[in-house]
Ligand code: 5GP
Ligand code: ZN
């Protein structure tokens with residue numbers, strides 16, 4: 001691949017992951033450092049670095065629709081979907097991803 005991206009390597013299977021769901025558009029896998037009893041990451045297979053750098057809107061439908069479908073498959077009723085955009089907002093991997101957090105009460109506003 002042209003760029004050195006951790007999540008593209010997970011999509012390619014070069015780095016193993018604990019998969020939760022997969023379609024032709026998205027991959028969902030369990031976070032390596034879970035922040036809740038359920039912590040799943042949903043990524044589009046098409047590389048885009050972040051929310052603010054996404055070239056078109058279709059990828060958001062793939063990501064958010066994918067997150068909804070994964071939550072349903074996991075029988076989650078209450079859950080939070082988070083997209084961190086930029087380092088100061090908590091983004092550490094620059095392949096856009098949605099976090100699904102569930103399984104414990106979630107504070108609002110987040111810290
Ligand atoms: P961010 O901080 O960018 O919003 O989220 C990146 C997430 O990726 C973090 O929650 C981090 O624990 C997770 N992560 C980083 N490296 C790996 C990995 O190699 N495998 C998995 N499954 N998750 C990872
Ligand atoms: Zn990537």
Residue match in region 1-19 (condition: surrounded by 11 or more Cβ atoms within 10 Å (Cβ to Cβ), more than 18 Å from residue 91 (Cβ to Cβ) and touching a helix residue (DSSP H, G or I) at 6+ places or on another chain (Cβ under 6 Å)): yes
Evaluation of residue 27 against (1) over 21 Å from residue 73 (Cα atoms); (2) touching a helix residue (DSSP H, G or I) at 6+ places or on another chain (Cβ under 6 Å) (one fails), failing number: (1)
Close pairs from region 69-97: first at pLDDT 95 or above, partner away from ligand 1 (no atom under 16 Å from the Cβ), Cβ under 7 Å, at least 6 apart: 79/71
Selection within region 35-50 - near ligand 1 (Cβ under 8 Å from one of its atoms) and assigned to a loop (DSSP other than H, G, I, E, B): 35
Any hit, region 12-19, residues being assigned to a helix (DSSP H, G or I), within 14 Å of ligand 2 (Cβ to nearest atom), in contact with a strand residue (DSSP E or B) (Cβ under 9 Å, 6 or more places away or on another chain) and at pLDDT 95 or above: no
Residue in region 43-57 that is more than 14 Å from ligand 2 (Cβ to nearest atom), free of Cβ contacts under 8 Å to residues at least 24 places away in the same chain and surrounded by 14 or more Cβ atoms within 10 Å (Cβ to Cβ) present: no
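The values are calculated or read from the model by the stated rules, or taken from the named source; none is laboratory data. Since this is a predicted model, take the numbers as computed values, not measurements. Note that each Cβ is placed from the backbone with ideal geometry, even for glycine, and that neighbours are counted across all protein chains shown.
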